[in-house]
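This report concerns only the one structure given below.
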Amino acid sequence: MEIDKGDIVQNLHAICGNVYEALYADKLGAVIQASQTSTDTREATQYSTQTKVFSRDNVKRKILEVISTRATSDQVSIIPIVGEGGVGKTTLAQLVYNDPEVKGKFDIKIWIYVSANFDEVKLTQKILEQTPECGHKNTKSLAGLQHDLNTFLSKRFLIVLDDMWEESQGRWDKLLAPIRGTQVKGNVILVTTRSSSVAGITNRTEADHINLDGLDEQDFFPFFKRCIFDNNENSEGQEMLLEIAKDIASKLNRNPLAAKSVGSLLRRNVNVEYWRRIRDSDEWMFQERKDDIIPALKLSYNHLPYHLQLLFSYCAIFPKGHMFHKEELVRTWIALGFVVHERKKLEDHGSDCFDDLVNWSFFHKLFPSICHLGIWTERVYNEQSIEQNDDFEEKLDAVGDENLLRNLESLILVGVYDENFTAKLVALFKKLHYVRVLRLQFNDDILLSSIKQFIHLRYLELRYTSDTHKPLPKHICKLYHLQILDVRHWNGLNDLPEGMSYLVNLRYLLVPGSGSLHSKISRVGDLQFLQELKQFSVQKKDGFGISELGNLKEIKGSLSILDLENVTNKEEATRARLKYKKYLRTLSLSWGDTGSTNRDIQEKIMECLKPHENLSHLTVRNYAGATPLWLTKNLSLTNLESLHLQDCEAIDMLPPFQLMRFLRTLSLVGLSSLNEIEISKCSSLTSIRLHTCKKLTKLSIEDCGALTSLELEGLPSSDQLKLKYKSVENNCRMRGIVLRDTWMSTTFILLKCLLFLLFRGYLVTFVGTAYVPWF
């Protein structure tokens, strides 16, 4: 009997794929999410992310005509856009929202992402937050919120409710009650939904419904081809590939999302045989109906590398419409051991994986432009075994009875729980043995004391919402495998337990506020994997010396070092090893009582605090010594983007600014020994602030074409200060000038510049209390 090796390999691959999915489905286990409402404020774009929007002009025009014809209507016009997932409902709503005609007709525009969880209280709160002149309202009752909404919606408005699923007429009417009561005419609510019944709830007149299908036949293939070849690739001479692409396009039901997903798949291997395998895949046999796009999405998923399949499948534990924070998700992947790389930092590799999923169209980018709100209600569910209509506590019991918890690795609980539910949770916790990720909101000590049994925890988030002060429990310091501890939402937290340095695997300690709690970690140097340390306060007692920073090789982002007067010699400063911290981007060096150490010692210490050349932002405060060599003749910080020197009384030399080609912001405050400032050839410099430089006699600014803001305050009260500002006529970007308490001589060239900018219309802001004599 003749055996086809290719068939064998293909069958084995299919079997392995199924086994892989089954193993990871078991690994991920069940997820328990409390039946409470949570909100996440994110920003999204008012522009379509497509480079070109195909075949929607007629539909958009129809919506604009409805808006125009009802401009004088006393009733709120509700326009539902109905269609299957991925057909472009949100894109169409964005087109309408951003249309110039719409901009001119509405004083208030609000965009809210609702998803499957309609909460009239939260929705009303978020509408109020985006309403001009309303400000922040602490009202929590629906009646109070509705009163405020009726008061402040005093101008014509457009509200977009994106991806709505709620079918309760009563809840919809509650939301609309104050909106319908406004006296303004021509208000519009645009609703996108997959459900025709939801559309009927919002507007019973079917003629007003915008039923959106896939793209037109003549537009779909050009769109699909664009998804494959982008805008920069030429598809000419690819006749065979294009024929295969047409065959695949016929299976996509003219759905834009399916086109993007499969298009990104084809783009990764522009090869005839590969494309044929996609076209002839068995997945297409499982299309249940004409508009079913699941096979297309499943096909893209099957062709993901296995490590990306794992990362994406974990995201299935989150509710529909969940807005993912990239850094938070990457940290979770790391805690679960899903991100592994021999050479890269785990955070960098995890970030790359996230970007790969975006490029494969499994995540969609949300660009900052308008406020976009995600509102959802988390529920307990295991879809294979628990009915969605069961009571919440019955679901909790069902999960326990199903024995799904023994190997559970992620448990996410959102909400505040009553005593009965808390007791059930405590009982449930006893069945958990291998939890690695736990996110919990609580007001009860019983839940908190149960955490000490989770010795395998890698990621712990605790939200304490009570007004009663409660310290972080000491037993957390015995969770030795912990990598992420998130207590950002622990109300009133002002201290840390003494044993934090026992958490030797800790990568992130996320705390409330600006990070001042980081400075309370004794022996922080033991946390050698720590990625972020916002603040470190040098003290003379054991465990708080500056040498603790030496072992923190991986810290990134920003670091503020305070109380440097407690460093007694240069050997201590050297052991901080700042020049080896290549991931650090922002550094602040601050002295407190400058009288406690003499100038010579401070200068020696400062020389040893030289940062790595990758540093982007440097601040120095209350330093009593001369300018360090690494900031003057031996300048190493050529990548600086901002430099802030404040109250450094002995600094009389500045860096050679012409070598700092990336410098954008310069702030010099209280440099009482500085005589001259010469700034030239800083092509990126946009802002200069000079304040209280008492001995300054010369200020020269040349060839800084990007400069838009100049602030001079408290400069010498004499006629000796001369300012040279060259080539304004060729670099007219100045938008603001501030002069306060400044006396200038008749050689003050800025006067000419000021007049030039005013006459040309470039200058937007001028504030001055200076004495500038006319000549």
With a/c under 1.5 counting as rounded, go ahead and sort the stretch 524-639 into rounded, prolate or oblate using the C-alpha gyration tensor (a ≥ b ≥ c being the square roots of the eigenvalues; past the cut-off, prolate if a/b is larger than b/c, else oblate).
oblate
Note the full-extension length gain between Tyr274 and Glu101 as 0.36 nm times their separation in residues minus their Cα-Cα distance, in nm to one decimal.
57.6 nm
Sparsely packed trypsin sites (Lys or Arg not before Pro) within the stretch 604-654, loop by DSSP, other Cβ within 10 Å at most 14
Lys633
Inter-probe distance in nm under a simple model that places probes 7 Å from Cα toward Cβ, at His307 and Asp495
4.4
Calculated FRET efficiency, Asn505 and Lys185, Cβ-Cβ r, R0 60 Å, to nearest 0.05?
0.45
Where nothing but the Cβ of Lys and Arg (+1) and of Asp and Glu (-1) is charged, how large is the charge dipole of the stretch 217-368 around its Cα centre, in debye to the nearest 20?
260
Heads up, the stretch 580-726 by the C-alpha gyration tensor (a ≥ b ≥ c square roots of eigenvalues; a/c under 1.5 rounded, else a/b over b/c prolate, else oblate) looks oblate
Of the candidates Thr586, Ser560, Gln539, the farthest towards the positive dipole end of the stretch 524-639 (Lys/Arg Cβ +1, Asp/Glu Cβ -1, centred on the Cα centre) is Thr586
Cα-based Rg and Dmax for the stretch 217-368, in Å, come out at 16.8, 49
Based on the Cβ-Cβ distance from Arg577 to Gln169, what FRET efficiency comes out when R0 is 45 Å, to the nearest 0.05?
0.10
For the residue pair Gln453 and Leu142, what label-to-label distance in nm results when each label sits 7 Å from Cα along the Cα-to-beta-carbon direction?
3.9
Checked against a 24 Å limit on the C-alpha separation, the offending pairs among Lys345/Lys430; Lys633/Lys695; Lys89/Lys251; Lys122/Lys174; Lys326/Lys470; Lys604/Lys694 are Lys345/Lys430; Lys326/Lys470; Lys604/Lys694
How much length, in nm to one decimal, is gained on full extension between Asp542 and Tyr434, taken as 0.36 nm per residue of separation minus their Cα-Cα distance?
35.2 nm
Distance cut-off 25 Å, Cα to Cα: go down the list Lys344/Lys541; Lys540/Lys581; Lys553/Lys610 and report the pairs above it.
Lys344/Lys541
Please work out how much length the chain gains when fully extended from Ser684 to Leu176, using 0.36 nm per residue of separation minus the C-alpha to C-alpha distance, in nm with one decimal.
177.8 nm
What's the exposure ranking of Trp591, Trp284, going from fewest to most Cβ atoms within 10 Å?
Trp284, Trp591
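No lab work stands behind these numbers, since they all come straight from the coordinates. Model, not experiment: these values are computed from the prediction. FYI the Cβ positions are ideal-geometry reconstructions off the backbone, even for glycines, and counts take in every protein chain you see.
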